[in-house]
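Here the structure is laid out as structure tokens; the discussion comes afterwards.
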């Protein structure tokens, strides 16, 4: 069963995640964005498979898919607008604030602000289309931080999987020489022929009614990828970046992946990891497996998750709490008792303020 906060459908989580984080405050929040055409459900198993009790996995449900299937998949028109108008405004309450300082201690603050100061650090994972969205989130956060228009922390790490460098994401650099631009193929049969040649013939997508349902979101996501221009093309990320590629994935040849380092300053912030994207059983079946290594998140995330289980704990750290202040008002036991009464253990479900009693 999938539970989604009806007041904020962007955050989609498995029921097990809600139960687990009701007991243990996570040490890290990991926002996840899926590949083109997919919904947040592909990340729901990660809550139990990653580091349960330590990492809160928060898949982002974008318009036109999953619980938001009634919305237009191209409601925002571009990745840049999607991030600026939809994602950043809605995830900020789950991020740790950084604007608590000595000078602000005498100023009144809402309970909501006090709780944001105690939020855990966060990282962002995106695969394929999702990797570009994740990169754009980091780019816009850094741009706003430079303008002193971002009172929250920056991501601890960007995990970019299955995508060539943002500067090379357009059709001119697409490895698909036959049909580098899929979104403009108007004829549906021509589109599906080109799509299957690139990504494999998915038996779950053969029924006409299924194709009719998923085609609008596929076209919208592919169009967003094919026309994407980073909002901060002249500025480089200062966010730790881990680029992940599946062995044998012809969508991510090394020559188009290694330029990710050029998007980071210094370039040593960026490192590369290769994982197996096809299970041993599917490898053994030979032509019996219809998919490709690009489906690593969907079909065989075992090595990917193993890498994350090793890397993510390096991001854990204790949040700076207002309780560490010597100011008697900030350090008030009554204030923290009220915070505990109102919020309990704050999770992605508690997005309304003031909280409902």
### Summary
Per-residue Cβ contact counts at 10 Å, fewest first, order 88, 308 as 88, 308
## Note on the structure
Exposure proxy check on 90, 154: fewest-to-most Cβ neighbours within 10 Å is 90, 154
### Task
Specify the inter-centroid distance of segment 271-317 and segment 132-147, based on alpha-carbon positions, in whole Å.
27
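Provide 278, 133 in ascending order of the number of other Cβ atoms located within 10 Å of each residue's Cβ, fewest first.
Numbers: 278 22, 133 27.
Final ranking by Cβ density, sparse to dense: 278, 133.
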### Query
When all alpha-carbon pairs of segment 134-243 are counted, what percent fall beyond 21 Å?
49
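Quick check: convex hull of the Cα atoms in segment 173-215, volume per residue, rounded to a whole Å³? Walk me through the intermediate numbers first.
On the way: hull volume 3.1 nm³, N = 43.
Here the figure is 73 Å³ per residue.
All of the numbers you see were taken from the coordinates with simple rules; none came from a lab. All of these numbers come straight from a predicted model, not from anything done at the bench. Neighbour counts are summed over all protein chains in view; Cβ atoms, including those assigned to glycine, are modelled from backbone coordinates with ideal geometry.
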